[in-house]
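Following: one structure in C-alpha cells, then a few remarks.
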Amino acid sequence: MKTLGYACTSAHAPLAPFSFERRAPRANDIVMEILYCGVCHSDLHWARNDWGWTVFPAIPGHEIVGRVIEIGPDVAKYKIGDYVAVGCMVDSCQHCDQCRKDEEQLCREGNTGTYGGFDRFTKEHTLGGYSKHLVVREEFVLRMPDGLDLAKAAPLLCAGITTYSPLKTWKAGPGSRVGVIGLGGLGHMAVKLAAGMGAHVTVLSRSPDKAEDARALGAAALLVSTDDDAMAKAANGFDLIIDTVPVKHDLNPYMPLLDVDGTLVIVGQIGPVAELSTVPLILGRRRIAGSPIGGIRETQEMLDFCAEKNILPDCEMIRMDEINEAFERMEKSDVRYRFVIDMASLQVG
Ligand SMILES: [Zn+2]
Ligand SMILES: [Zn+2]
C-alpha cells in the first residue's frame, strides 16, 4: 500500500516528506493508521547514523499508537477499529527459549526492529512510525487499554517499557529504595513507574534545581550527586538504581550508594562507560547490569498498569514538520519530557 512518512536520505539531511510502499498484509498482519508517534533519543541517533549501521532512506519512530484499519484472515486478537500500539520490535523467531518465555526482545536470532531491521520474509528494511500507516504481525501488536489517553501514551512503548522491565526484574515495590539517574524521557518514566509500584524513589541529579520537578513526578527526594557530604550520607541506601543517562559517563560515584546485593541497571547509554573501579563492586557485593526494552507480554502488562494507575508520560505535542527542530531541542535536553508527533498533521496529498 502507498503511504507517506518523514525520512532522511543521509546522516546530514533533515527529515523530509517521503512517499513509499508498505508491504501487502500477510494472513496474520494488521494494518494500522498511525495516530501518534513518540520521539525517542534512538530516533535521533538512527537518523544521524551515530551507530554506523543506518540504512537510508531511514524512517525513525518506535513509540506508535494507532487504530486498526485492516486485518489479515488469520488475525484473531484484533478487529478493525481497535486502538493498538507498536513498540521497538515487529517480529522475532517465535520458537527459541527466550521467545517461548515471552522475552522476544532477547530472541536468540535477534528481534526485528520496528525500524532498522529486516523483514524476516521479504528481507526489505523496516521503516518506523514517522508515517501514516504500519503493517505488523498481530503477535507484536499491543492493545491500548480503555482509559489510557491515546495522545500521551505513545512514549510508554519505548521509554515506558525500558524502565518498567528492570523495575519488575529487580522487584521494585513497597519497601524498596530506588534511585533514578537522569531526568529525561526515560528517567521521568522510571520515577513515575517506580513510585506507582510503591517504591521509595530518589532522583540523582548533578544540580539541586531539579528538586521541584523530581517531586512533581512522584519522587520522595533528590540527591545531588556533586554534593560529597550528601553522597557519603546516602551510602548503602539503595536497592536498585536505574541509570538513564544517554551519553558516556562515570559510574564510580554511584556504586557506594548501593546496599549489599544492590544493582545499578544501565538503560540509557549504548557504548563504553568511563573507567570503573571494582572495589565497591567486590567489597559490597554490588552489581552493574543492563536491560533492553521488555517482551510483548510485559509491555502489555505495563500498559495495563499505567491505565490502572493513571500513569502517563509528560508530553509536548508537535506537528510532523516540526521534527527537525524537535531533534535540535532534544540534543540540548530542551524537552519535558518527550515529544509526541500528532500524525494528523501529516497529510497524504
Ligand atoms: Zn526508543
Ligand atoms: Zn526467538
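The values are calculated or read from the model by the stated rules, or taken from the named source; none is laboratory data. None of these values were measured; they are calculated from a predicted model. Counting neighbours? That spans all protein chains shown, and the Cβs are built from the backbone with ideal geometry, glycine included. SASA here: full protein model, heavy atoms, side chains in, ligands and nucleic acids out. Shrake-Rupley method; radii C 1.70, N 1.55, O 1.52, S 1.80 Å.
Flag set for GLY175, criterion: farther than 30 Å from ILE71 by Cα and surrounded by fewer than 24 Cβ atoms within 10 Å (Cβ to Cβ). Is it fair to say GLU70 is under 21 Å from PRO155 (Cβ atoms), assigned to a strand (DSSP E or B) and of a type in the set (D, E, K, R)? It is false that GLU70 is under 21 Å from PRO155 (Cβ atoms), assigned to a strand (DSSP E or B) and of a type in the set (D, E, K, R). Within the range 323-349, the residues that satisfy the criterion of being part of a helix (DSSP H, G or I), touching a helix residue (DSSP H, G or I) at 6+ places or on another chain (Cβ under 8 Å) and open to solvent by less than 60 Å² (accessible area, probe 1.4 Å) are PHE327, MET330, MET343, SER345. Residues in the range 51-60 that are touching a residue at least 24 places away in the same chain (Cβ under 8 Å) and either within 16 Å of ligand 2 (Cβ to nearest atom) or open to solvent by 40 Å² or more (accessible area, probe 1.4 Å) (or both): TRP51, TRP53, VAL55, PHE56, PRO57. Among the criteria (1) within 24 Å of the chain's Cα centre (by Cα); (2) crowded, with 17+ Cβ neighbours inside 10 Å; (3) within 26 Å of ASP342 (Cβ to Cβ), the one PRO14 does not fulfil is (2). Among the residues of the range 104-116, those that are within 10 Å of ligand 2 (Cβ to nearest atom) and either of a type in the set (Val, Ile, Thr) or surrounded by fewer than 20 Cβ atoms within 10 Å (Cβ to Cβ) (or both) comprise LEU106, ARG108, GLU109, GLY110. The residues of the range 29-50 that are open to solvent by 20 Å² or more (accessible area, probe 1.4 Å), within 13 Å of ligand 1 (Cβ to nearest atom) and either part of a loop (DSSP other than H, G, I, E, B) or over 13 Å from GLY116 (Cβ atoms) (or both) amount to a single one, HIS41. The set of residues in the range 131-179 being touching a Pro at 6+ places or on another chain (Cβ under 6 Å) and within 16 Å of ligand 1 (Cβ to nearest atom) consists of PRO155 alone. If you filter the range 117-132 down to residues that are buried (at least 18 other Cβ atoms within 10 Å of the Cβ) and in a loop (DSSP other than H, G, I, E, B), you find that the one that is nearest to ligand 2 (Cβ to nearest atom) is GLY117. For the range 262-313, the set of residues classified as in contact with a strand residue (DSSP E or B) (Cβ under 9 Å, 6 or more places away or on another chain) and of a type in the set (D, E, K, R) consists of ARG285, ARG286, ARG287, ASP304, listed by residue number. For the range 94-103, taking the residues that are open to solvent by 20 Å² or more (accessible area, probe 1.4 Å) and part of a loop (DSSP other than H, G, I, E, B), the one that is nearest to ligand 1 (Cβ to nearest atom) is identified as GLU103. Has the range 156-163 got at least one residue that is crowded, with 24+ Cβ neighbours inside 10 Å, closer than 23 Å to PRO246 by Cβ, in contact with a Phe, Trp or Tyr (Cβ under 7 Å, 6 or more places away or on another chain) and not hydrophobic (A, V, I, L, M, F, W, C)? Looking through the range 156-163, none of the residues is crowded, with 24+ Cβ neighbours inside 10 Å, closer than 23 Å to PRO246 by Cβ, in contact with a Phe, Trp or Tyr (Cβ under 7 Å, 6 or more places away or on another chain) and not hydrophobic (A, V, I, L, M, F, W, C). The lone criterion from (1) modelled with pLDDT of 95 or more; (2) open to solvent by 20 Å² or more (accessible area, probe 1.4 Å) left unmet by TYR78 is number (2).
The range 160-251 holds strands (runs of 3 or more DSSP E) entirely within its bounds, and those carrying 1 or more residues that are in contact with a strand residue (DSSP E or B) (Cβ under 6 Å, 6 or more places away or on another chain) and of a type in the set (Asp, Glu) map to 238-243.
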